[in-house]
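The values are calculated or read from the model by the stated rules, or taken from the named source; none is laboratory data. Remember, predicted model here, so these are calculated numbers, not experimental data. Virtual Cβ from ideal backbone geometry, glycine too; neighbours counted across all protein chains shown. Please note that ligands, DNA and RNA were not included when accessible areas were found on the heavy atoms of the full protein model with its side chains. Shrake-Rupley method; radii C 1.70, N 1.55, O 1.52, S 1.80 Å.
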Amino acid sequence: MQLKQRFITRMSYVRRIMLAIGFLAVSPTVFAQQYKPEQILSRVPTQADVDVDTPTAEETPNCKVMSFKENDYQGVALYKPDGVTLLRAWCAPIPTKQGERASVEQIRFYKNGQEVFRDILGKEARWLNTAGSRRGTLAQDKTIAAWTVLSPEEATQEVVAALVNNDYARFQRVALSEEDVQTLGLTGSLASEVQKEIQLANAANFAKLAKSLNMPADAHWGAFNTSLPATIPAGDSSANDLTVYYNAAIVVMKGDDASQNQQLYVGDLIKVGDVWKILGLPDGEAFGQATGTVSASSIFFPAIGSVSAGVEAVAEMGEYGAQLSEAFQKLDAASPTEYASVCDQTVELLLNIAENVPSERENMLAQAVNVIFGGVQSGLYPQGAQKLALLEEACGDDVSVNIKALVKHRSIVAEFYSVAQAQPQPRQSVLQKAQEKYIEDLTAFVDEYATTPAGAEAAMSLALDQEYILENEAAIEYYQKTAQNFPDATIGQKAAGAVARLQSEGGKLNFPVTKYFEGGVCDISALAGKPTVIFCWATWDPESVDIVKKIASSVNVVGVNLDSVPNSEAANDYFKQICAGLPWKNICDPAGLEGASAVALGVQMAPWAILIDKTGKVVRSNIVDMNDLVDVIAEME
């Protein structure tokens, strides 16, 4: 008896359960004959909120129990009288020829014939198919210990459930933590603001919020309403790209009565790995007593308007959200012949939302402008310039100066594109005239809108044009405007870097000591004895890489790769691949043109080279043609 007890104690959670109902130690040929449906139906999901099929009392005696064998496992399955699957249990591992025993055991639960929930080893829970995409590890008491996969919709479902039940532990599992701040690589003032919100989302404040909301016991998540997610590139405030839903709101419903609903304002949701988390506590009013005085807010995008305070507007935005998602999918999949028509439809929808959902007006206008401009840049939307001109005329005093500037800037650029991309190609004189007008219009635009983001972008474009023709003093003026107007933004810091680079000619380059991707320290000041080339390169220009390879033995080459790698987890393998075989070491940053080295040098494009003589003085700070680089080095000799 003691031997048997020790044997059972060593068995896993699921195998103990299956032994208890007789699933083990039975020949596969008679496996299914030993069990009644009632025995198998005693197994239920570890999570209480899983909706699975169960037969009626009349159906149960007629349910079918059948054994199955897959790979090295045998198990038992339960089917309704009509053959629809109810449950499948993987257990009773079959010994292999080598005497080994498999270890995976799981129970799968079904709804309408589809697997919707899976218990694995008593250690992990997975929601599948129509039940969602959640995945979490289990604690000893079978509750979720931590989420490993969680969508934004499911994260906000957890928030509602936690508030209804005043369950702070459940809320904590979907709340951004101090560890997440480190994982995301947040720094500076943004990190400080985020940490303040985390500290305020404590147990006491959560309990106060749950009490003030007074949600009915049958309250549940109804809809997730917000704009499209935004990607904040790595740079000023984070070491990695951030994916954020800002100003998010959700609809909470009472039971099955759709008319009894109310908003809960979530604010910002941030993606941490495969899990979406909420920043801080949500906000709202007592259920059934909403006045519309509360709205969502955003730490990541404080200048963007809040979600509409009315339930009708939120519900309406939810409908629009589905339409927008479908429209953007069609736009992505459109063929060249379909693109213009699909683009028209997408822009019309965006403008319609801007008109009918005031809280989303500026966001939708900006997206409409960018959709049109993207079509213009691709050459697939020739009417885009005209559309932008009309949109510019339609922007009245009820839109911000930032939107006015964005529309006007894109309209100026699109007008030039409409000439440059015309087929058949225009005469050189016509193109020259269009380019002169473009420079003239852009110059006037910068004078008027220099303090707007679009104005800063235009100033950087004009500065780059001046660098191309070696008018360094004129370029410095434009860079200085941007650096002064946007000192804390990446674009302003890049402009300051460009000023320092241009002013270094004839003197020393102030380039921070950093690390090479291949290992070792990159210290420009320590390189001597022969000329040094800081070569900013990218995989989209292999010809320039080949040119620099030919001179690499006669100069010091410091490579600065400008490829952007959105998936930071894959960056290491990517850089290993593209840097393999190069006769120089490289500085690599997944942020590419927004990376620390590109910003410090004020480099806006690749290829780009800075030439330093053997004494450490900068000879040229803006070589954009690598054939010119070869010639200048030859002249130095």
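Charge dipole of the stretch 458-514 (Cα centre as origin; +1 on each Lys and Arg Cβ, -1 on each Asp and Glu Cβ, all else neutral): 240 debye, rounded to the nearest 20.
Run through the stretch 538-616 and list the chymotrypsin sites (Phe, Trp or Tyr not before Pro) located in a DSSP loop whose Cβ has at most 11 other Cβ atoms within 10 Å.
Details: sites: 540, 574, 575, 584, 608; in loops: 540, 584.
Filter output for the stretch 538-616: 540.
Ordered by 1.4 Å accessible area with all protein chains kept, 337, 143, 346 run largest first as 337, 143, 346.
When you filter the GluC sites (Glu not before Pro) in the stretch 141-190 for DSSP loop state and at most 12 other Cβ atoms inside 10 Å of their Cβ, nothing is left. Take the chain with all the other protein chains still there, run a 1.4 Å probe, and you get 49 Å² of accessible area per residue. Between the residues 596, 580, 535, the greatest Cα displacement towards the positive end of the dipole of the chain, with unit charges on the Cβ of Lys, Arg, Asp and Glu, is found for 580.
Quick test of the membrane-span-like rule: which DSSP H helices of the chain reach at least 27 Å along their long axis (C-alpha atoms) with mean Kyte hydropathy at least 0.0? Please list the in-between numbers first.
Numbers: long enough: 311-333 (33 Å, -0.07); 336-356 (31 Å, 0.04); 401-420 (29 Å, 0.62); 428-449 (31 Å, -0.59).
Going by DSSP H runs, the hits are 336-356, 401-420.
Computed over protein heavy atoms with a 1.4 angstrom probe, the accessible surface ordering of 469, 551, largest first, is 469, 551. Using a simple spin-label model with pseudo-atoms 7 Å out from Cα toward Cβ, residue 142 and residue 614 lie 7.9 nm apart.
Calculate what fraction, in whole %, of the accessible area of the chain sits on carbon and sulfur atoms when a 1.4 Å probe is rolled over the protein chains. In the chain, the share of accessible area belonging to carbon and sulfur is 50 percent. Normalising the average separation of contacting C-alpha pairs (under 8 angstrom, six or more residues apart) by the number of residues puts the relative contact order of the chain at 7 percent.
Provide the net charge surrounding residue 522, with neighbours chosen by a C-beta distance below 15 Å and charges set as Lys +1, Arg +1, Asp -1, Glu -1.
Numbers: positive: 515, 585; negative: 518, 523, 589.
So the environment of residue 522 carries a net charge of -1.
Quick one: pull the percentage of alpha-carbon pairs in the stretch 141-180 with a separation above 14 Å. More than 14 Å apart: 46 percent of the Cα pairs in the stretch 141-180.
Determine the sum of side-chain charges near residue 466: Lys and Arg each +1, Asp and Glu each -1, restricted to other residues whose C-beta is under 13 angstrom from that of residue 466.
Details: positive: 481; negative: 465, 467, 471, 473, 477.
Counting the neighbours of residue 466, the net charge comes to -4.
Taking N as the residue count of the stretch 334-487, its C-alpha radius of gyration divided by 2.2 N^0.38 Å amounts to 1.11. For the stretch 357-456, the list of GluC sites (Glu not before Pro) that fall in a loop by DSSP and count at most 11 other C-beta atoms within 10 angstrom is empty.
Only one residue of 56, 618, 567 has its Cα farthest out toward the positive end of the dipole of the chain, where Lys and Arg carry +1 and Asp and Glu -1 on Cβ, and that residue is 56.
When the Cα positions of 364, 351, 414 are compared along the charge dipole of the stretch 336-446, 414 comes out farthest toward the positive end, with charges on each C-beta of Lys, Arg, Asp and Glu. Solvent-accessible area of residue 66, all protein chains in place: 100 Å² (probe radius 1.4 Å, heavy atoms, ligands and nucleic acids excluded). Ranked from largest to smallest solvent-accessible area, with a 1.4 Å probe on the protein heavy atoms, 409, 220 come out as 220, 409. Accessible area per residue was computed with a 1.4 Å probe on protein heavy atoms; residue 605 scores about 40 Å².
So what is the relative contact order of the stretch 450-595, in percent, for Cα pairs below 8 Å that sit 6 or more residues apart? Write out the running numbers ahead of the final one.
Working: 179 pairs, mean separation 24.6, N = 146.
17 percent.
Think of each Lys and Arg Cβ as +1 and each Asp and Glu Cβ as -1; about the Cα centre, that makes the dipole of the chain roughly 3240 debye.
Charge tally around residue 273: other residues with Cβ under 11 Å, Lys/Arg +1 each, Asp/Glu -1 each, net -1. Kirkwood radius and radius of gyration were both taken over the C-alpha atoms of the stretch 490-637, and their ratio Rg/Rh is 0.93.
Across all directions, the average projected area of the convex hull around the alpha carbons of the chain is 39.0 nm². Computed about its Cα centre, the charge dipole of the stretch 521-637 is approximately 400 debye, with only Lys, Arg, Asp and Glu carrying charge at their Cβ.
Using bins of 5 Å that start at zero, the share of Cα-Cα pairs per bin across the stretch 576-632 amounts to 4, 15, 20, 24, 24, 10, 2, in whole %.
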